[in-house]
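Trainee: Can you read through this structure? Questions will come right after.
The values are calculated or read from the model by the stated rules, or taken from the named source; none is laboratory data. Just so you know, these numbers come straight off a predicted model, no measurement behind them. Please note: Cβ atoms are built from the backbone with ideal geometry, for glycine as well, and neighbour counts cover all protein chains shown. Quick note on the areas: whole protein, heavy atoms, side chains included, nothing else; ligands and nucleic acids left out. Shrake-Rupley method; radii C 1.70, N 1.55, O 1.52, S 1.80 Å.
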Amino acid sequence: MPHEGLGEFEQLVLLAVVRLSNGNSDVYGVPIVEEIEKRTKRKPARAAVYITLRRLERKGLIASWTSEPGDDRGGKARHCVKMTAAGTRALREARWAMNQMWTGLDLGAGDRR
Amino acid sequence: MSVVRAPRLARRLLASALPDDAREYVTNELEEVFHQRHAAGGGLHARAWYWREALSFTLRFAIERIHEHATPDGGLALNGTGLPGMPSPPRRGFMRRTLESWMRDFTYAIRRLLRAPGFAFVTVLTLALAIGANTAIFSVVDAVLINPLSFPNADRLVLIRGLAPGTDLPGEFALSPEFYVSYRDQADKLESIGMFAGGQTTVRSPEQVDRLFVVQMTSTLFSTLGSKPVLGRLPIKEDDDKNAPVMVISHQLWRDWFKFRPDAIGKQLEVSGTRRTIIGVMAPDFRFPNANYSAWIRASIGDETKIVAGQLNFSLIGRMKPGVRPEDLAAQLAPIAKRLPERWGGGGARYLQLIEHHRPVVRPLRDQLVGEIERPLWILLGTVGVVLLIACANVANLFTVRAQGQRRAMAVRQALGAGRATLVRALMSEAILLAVLGGIAGVLIAWIGVPILVRAAPEGIPNLDNVRLNGFALAFTAGLSLFAACAFGLLPAIRLSSPVMVDDLRQGSRSVTLEGRFSRNGLVVLQTASALVLLVAAGLLGRSFIAMSRVDPGFSTKDIFTFQMAPQRPQLVDGPTWGAFHRGFMTRLAAIPGVQSVGFVNELPFDEGAGRSRFYTDRSGENPLGATLMAFTYSGGDYFKTMDIDVVKGRLFDQAEETVGSSSVIVSRAAAQILWPEEDPIGKRLRNADRTSWHNVIGVVDDVRLQNFRQQNPDPMIYFPMVGPEPRSWAVGTPAYVVKTPRMDSIASEVRAVLREYAPEAPMYRVFTMTQLADRAKAQLHFMMLLLAIAAGLAVVLGTVGIYGVLSYVVSRRTREIAVRMALGAKASAVRRMVVIQGARVTMIGVAVGIVIALAATRVLDTLLFGVDAFDAPTFAGMAALMMLIAFAASYIPARRASSVDPLQSLTIE
């Protein structure tokens, strides 16, 4: 399926999914929002994250399943996600495109907050 | 596990906004974070957070759904496979599809309008002004004309009066107790009937004293009106049988004097010197005969067999049986009245003459109340309606011009297969959106404007205190907005979406299409004509106002302060004692620094009018049929000097005869003319037919207008001195004092101080300056003139914007043509002339149409006009010229722009 490149926010969300998947807890909306917040120091709109997740899933870049209802949250299920092969490919392409554009440029260290 | 849950309403909102497949997990996960936050930061914090998130999710998911719907593969991918060639998801219901496509159109409309903020602002402002004005006036019309009465089945309430053409009774007159009893007993078309008379009188409690408007009434009045008290009871038949001195008070009096204490019931008040017991309190919306009245006292006719016929001082109010029309009732009452002398006898020759010519007048109570104001209000509503029409025409114009700019986009969409309905909807959504915004802003304007309008309104408009933006007015506004949307959205939408539009794409057409020009010019004609009609109307009222301001009422209104007071002391028993009291008071008033003269009159012009009676003269003799009906009053002190009423002949009352009493009398010029035509009135004699004493004319004074400035001829007047020939002839109790002083700003408090010292028990009331009374007499015309001037101004501004807009547009479309002309040698002045003439031609047609409409329309103003004809040629010509001038100015700016076209540049751009 042909698709356009990933948007910046989509990349953020996908990268958060990848980072969280290395741990052993559930990967779903709540920790994804926290992860983006923690690393970028930006506060993403929670609704935007959920909508992006739906969009990524529709594009086939992530897959989802419903977790077993755990005791820790009153027996309610979570909407867990993981990266698909297509997702990995899309991230790689995005990084490649970015690198191509950055190669040879120097804008200085900048003012990272 | 915590039992705390997120806010219910927010949860509901969220659940309704989320798509089916996301609803459960999103709410679950949000709930999870809510609990964490609840535990960490407290309930209030967590709730606020949850609400914020719920709103954010609702909004973002709504937009996301529109996106999903708009992207063609979005729906397909939703079936979960993501594979092409799978069957599309089942078609959703018609309603939902329509709703969603409207939603999409509105989203696009918002985006488009955000990109054209100037257009959106002008459109919304134009509509808001027009809708605001309409809603405000409609709120007034609704309260005053549509629902002026708070009584149940008020359409069956009628006022019964009499008319006796062929006698000297002026117009309609009040009736007397024998009419009441006979109508009550014999008219079976009446369900019930009540009799009343009202006036201002002194009311005292142990703590308070004031002059209040009080109604004397039969106990049947309340049952006829169908009103109930909020506290206590109403007078009943037993009160009549016992002749109990009972009264009912208004809600306002209950508040002001009794602070809403329920023990007001049973308390006693002294009304006109008689102690009466309060038995009931009426509801706040009970106003009868109008909002000024604060007490209703039960009066009895006494022994019904001993009524003296002919005391024409009472109003009769009847409740007709269902289905009876006023004219039916009048037909039944007529023969009953003819038989009155048989039953009651007496009355004399005059009375028999009156009965012979008598015709009953039965008028709905509502008409009686709103009579004078009805037409002006409808005129105002019509006026703001015209403004709305102009505003819609303007916005339609703006829309057409704007839509022309989107022709290509439309044509492309059409070529790609968009149906006509889709295109119309896309264009209409913008119109509806602007109309709704205009409506909201309009309600805001009306909300601000209504209180201002009510404050500026002249006195005597019933139910004005109940004017507010109600649901009815809001519904009216909603209707107006929708009407506006259709008026300015649908036409351009339909035209632009027509199939021939596709040709545009091929031709890249730049010409001004004939059809478009036609409708645009039509709109300008409509605007010019409407604006001119309002201009002419405002002009006519303005001229009337000027004419009225030039009328000499016969007295001066400058630097005159007036008031009344009501003393109460046992020694005031007859003419001389009252006279000495007034004289003492006037001496003290005259001692106030700056006071030039002081006098009094029993009824002040422009305020209370004057009493009327029949007079014999030595010429007419004492034949009742030869007596002349004439206005009369009593004057004292330097009344004529203070009011600057000229002495034409003879002399005024002197101080000596004022104190001891005299049989002198002064007549006005017109009265002298009527009573003794062609003769010298000095030394002639006259007698009030109701009294026994004869009076000698000692002087003639100039005529004054008693009622208002509109009076064609001043009333003939007879002035008696404050003390009559006998001590018991009459006593002037509560006259209107007039004080001439240049120190208007401080006089009221100084007079109050003098009164507190001289007669501390006397309330002071009807405090005015003569200027205020004169302004009040012009108030209705002034109010109408002001409102029409505002409406006309609004119409002219909107009309000018319209002309300017159309010509600017035409110039911009013809830039290339103009450039070619100029390249071929046309002079700038010729180009300017071309554009101005084009504007002038359209305006001229508009002016012609406007004059024709105005000729037909200004006739409705005739009762308001004064000293000027409804077809006044100078006003018509002047306003037409003004309109042309404004149109010229409006077309000159685009003309300048056209003539400054640089041919080279505009041709190479192409």
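Trainee: Let's see if you can work this out: charge +1 on each Lys and Arg Cβ, -1 on each Asp and Glu Cβ, no other charges. What is the dipole magnitude of the range B:244-288 about its Cα centre, in debye to the nearest 20? List each step's numbers first, then the result.
Mentor: Details: 7 positive and 4 negative charges, 13 e Å.
My answer is approximately 60 debye.
Trainee: Now, a different point. Take B:241, B:607 and sort them by solvent-accessible surface of the protein heavy atoms, 1.4 Å probe, largest at the top.
Mentor: B:241, B:607
Trainee: Same structure again: Can you compute the charge dipole magnitude of chain B about its Cα centre, using +1 on each Lys and Arg Cβ and -1 on each Asp and Glu Cβ, nothing else charged? Give it in debye, rounded to the nearest 20.
Mentor: 3480 debye
Trainee: Ok, one more. Taking the Kirkwood radius as the inverse of the mean 1/r across Cα pairs, report the Rg/Rh of chain B.
Mentor: Numbers: Rg = 37.4 Å, Rh = 34.3 Å.
Reported Rg/Rh (Cα atoms, Kirkwood Rh): 1.09.
Trainee: Counting partner chain Cβ atoms within 10 Å of every residue's Cβ in B:23-35, what's the average? The partial results should precede the final answer.
Mentor: On the way: counts 0, 4, 11, 6, 1, 10, 12, 5, 3, 8, 5, 0, 2.
Partner Cβ neighbours, averaged per residue: 5.
Trainee: Now for a different question. Report the full-extension gain for the segment residue B:829 to residue B:749: residue separation times 0.36 nm, less the Cα-Cα distance, to one decimal in nm.
Mentor: Full extension of this stretch gives 21.9 nm more.
Trainee: Shifting gears a bit: Can you pull the one-decimal nm distance between simple spin-label points at residue B:306 and residue B:693, each 7 Å off the Cα toward Cβ?
Mentor: My value for the distance between the label points is 2.9 nm.
Trainee: Just grab the label-to-label distance for residue B:240 and residue B:440, each label 7 Å out from Cα along the Cβ direction, in nm (one decimal).
Mentor: 6.0 nm
Trainee: Between residue B:122 and residue B:285, what length comes free when the chain is fully extended (0.36 nm per residue of separation minus the Cα-Cα distance, one decimal in nm)?
Mentor: 54.5 nm
Trainee: A further question on this structure: Is the shape of the range B:196-289 best called rounded, prolate or oblate, per the rule: a/c under 1.5 gives rounded, else a/b larger than b/c gives prolate, else oblate, with a ≥ b ≥ c the square roots of the Cα gyration tensor eigenvalues? Walk me through the numbers before you get to the answer.
Mentor: Details: a/c = 1.35, a/b = 1.20, b/c = 1.12.
Rounded shape, in that the Cα axes give a/c under 1.5.
Trainee: Enumerate the whole-percent occupancy of each 5 Å bin, from 0 to the last occupied one, for all C-alpha pair distances of the range B:355-490.
Mentor: 2, 8, 13, 16, 13, 11, 9, 7, 6, 5, 4, 3, 2, 1, 1, 0, 0, 0
Trainee: Starting from the Cα coordinates of the range B:1-66, work out the convex hull volume and express it per residue in Å³. Show your work: numbers first, answer last.
Mentor: Values: hull volume 4.9 nm³, N = 66.
Convex hull volume per residue, Cα atoms: 75 Å³.
Trainee: Please list B:877-883, B:209-215, B:565-571 highest first by mean number of surrounding beta-carbon atoms within 10 Å per residue.
Mentor: Result, highest mean first: B:209-215, B:877-883, B:565-571.
Trainee: Further question on the same structure: In percent, how large is the relative contact order of chain B, given Cα pairs closer than 8 Å and 6 or more residues apart?
Mentor: Numbers: 1499 pairs, mean separation 127.5, N = 910.
Relative contact order, chain B: 14 percent.
Trainee: So how tilted is helix B:94-115 from the main axis of chain B? Cα-based, degrees 0 to 90, rounded to 10.
Mentor: Value to nearest ten degrees: 90.
Trainee: Could I ask something else about it? What is the distance, in nm, between label points placed 7 Å from the Cα along the Cα-to-Cβ direction at residue B:52 and at residue B:649?
Mentor: About 9.3 nm, to one decimal.
Trainee: Over all directions, average the projected area of the Cα convex hull of the range B:117-256 and note it in nm².
Mentor: 16.5 nm²
Trainee: Between residue B:881 and residue B:102, what FRET efficiency follows from the Cβ-Cβ distance if R0 is 41 Å, with the result rounded to 0.05?
Mentor: Plugging the Cβ-Cβ distance into 1/(1 + (r/R0)^6) gives 0.25.
Trainee: Taking R0 as 41 Å, what's the FRET efficiency between residue B:349 and residue B:321 from their Cβ-Cβ distance, rounded to 0.05?
Mentor: Details: r = 37 Å, r/R0 = 0.89.
With R0 = 41 Å, the Cβ-Cβ based efficiency is 0.65.
Trainee: Which one, B:662, B:567, B:894, is farthest towards the positive end of the dipole of the protein assembly as shown when Lys and Arg carry +1 and Asp and Glu -1 on their Cβ?
Mentor: Result: B:894, furthest along the dipole toward the positive end.
Trainee: Which one, B:173, B:883, B:493, projects farthest toward the positive side of the charge dipole computed for chain B from Cβ point charges (K/R +1, D/E -1)?
Mentor: Final value for the positive-end residue is B:493.
Trainee: Students often get this wrong, so check it: of B:228/B:321; B:189/B:259; B:641/B:684; B:189/B:228; B:641/B:778; B:237/B:338, which have C-alpha atoms separated by over 31 Å?
Mentor: B:189/B:259
Trainee: Follow-up. Full-extension gain between residue B:571 and residue B:267, please, as 0.36 nm times their residue separation minus the C-alpha to C-alpha distance.
Mentor: Roughly 106.7 nm would be gained on extension.
Trainee: If R0 is 60 Å, what FRET efficiency do you get for residue B:848 and residue B:153 from their C-beta distance, rounded to 0.05?
Mentor: The value I calculate is 0.75.
Trainee: Under Stokes-Einstein, with the Kirkwood radius over Cα pairs standing in for Rh, what whole-number D in µm²/s applies to the range B:636-721 at 10 °C and 1.306 mPa s?
Mentor: The calculation lands on 117 µm²/s.
Trainee: Further, regarding this structure: Sketch the reach of a paramagnetic label on residue B:167 as a point 7 Å from Cα along Cα-to-Cβ, and name the residues of the range B:592-630 whose backbone nitrogen lies under 16 Å away.
Mentor: Taking a point 7 Å out along Cα→Cβ of residue B:167, the residues of the range B:592-630 whose backbone N falls under 16 Å are B:612-615, B:624-630.
Trainee: Continuing with this model, one more query. With all pairs of different alpha carbon atoms counted, what Kirkwood hydrodynamic radius in Å does the range B:417-462 show? All intermediate terms of the calculation are to be shown ahead of the outcome.
Mentor: Numbers: mean 1/r = 0.0734 Å⁻¹.
Hydrodynamic radius (Kirkwood, Cα pairs) of the range B:417-462 is 13.6 Å.
Trainee: Let me ask another. Assign one of three labels to the range A:9-58, namely rounded, prolate or oblate, based on the Cα gyration tensor with a ≥ b ≥ c the square roots of its eigenvalues; rounded applies when a/c is under 1.5, prolate when it is not and a/b is larger than b/c, and oblate otherwise.
Mentor: Judged from the Cα gyration tensor, the range A:9-58 comes out oblate (a/c at least 1.5, b/c at or above a/b).
Trainee: Related question: When only alpha-carbon atoms count, how far does the range B:605-763 stretch along each of its three principal axes, as whole angstroms with the largest first?
Mentor: 50, 38, 25
Trainee: Another question about this same structure. Once the Cα atoms of helix B:575-590 and of chain B are each reduced to a long axis, what angle between those two axes, in degrees from 0 to 90 to the nearest 10, is obtained?
Mentor: 50 degrees
Trainee: Could you tell me which residue out of B:617, B:479, B:234 lies farthest along the dipole of chain B toward its positive end? Charges go on the beta carbon: Lys and Arg +1, Asp and Glu -1, centred on the Cα centre.
Mentor: B:479
Trainee: Considering amide H positions built from the backbone, and no H for Pro or chain starts, which residues 5 or more places from residue B:650, or on another chain, come under 5 Å of its amide H?
Mentor: Here the answer is B:700, since their amide H atoms fall under 5 Å of that of residue B:650.
Trainee: Does anyone have the angle between helix B:828-857 and the longest principal axis of chain B? Alpha-carbon axes, 0 to 90°, nearest 10?
Mentor: In chain B, helix B:828-857 runs at an angle near 40 degrees to the longest axis.
Trainee: Pairs of Cα atoms under 8 Å, at least six residues apart: use those to get the relative contact order of the range B:579-706, whole percent. Can you show the working numbers first?
Mentor: Values: 204 pairs, mean separation 37.6, N = 128.
Relative contact order, the range B:579-706: 29 percent.
Trainee: Next up: Step by step: find N for the range B:131-203, compute 2.2 N^0.38 Å, then divide the Cα radius of gyration by it. What's the final number?
Mentor: Details: Rg = 18.2 Å, N = 73, 2.2 N^0.38 = 11.2 Å.
Relative to the 2.2 N^0.38 Å estimate, the range B:131-203 comes out at 1.62.
Trainee: Related question: Pick out which of A:35, A:57, A:93 has the largest mean-square fluctuation in a Gaussian network model of chain A, springs linking Cα atoms closer than 10 Å.
Mentor: Taking springs between Cα atoms under 10 Å, the residue moving most is A:93.
Trainee: From a point 7 Å beyond the Cα of residue B:786 in the direction of its Cβ, which residues of the range B:413-452 have a backbone N at a distance under 15 Å?
Mentor: B:449-452
Trainee: Still on this structure, please answer the following. From the protein chains alone at 1.4 Å, what is the descending order of accessible area for B:379, B:546, largest first?
Mentor: Highest to lowest solvent-accessible surface, that is B:546, B:379.
Trainee: Ok, one more. Over all alpha-carbon pairs in the protein assembly as shown, figure out the percentage whose distance exceeds 39 Å.
Mentor: Of all Cα-Cα distances in the protein assembly as shown, 65 percent exceed 39 Å.
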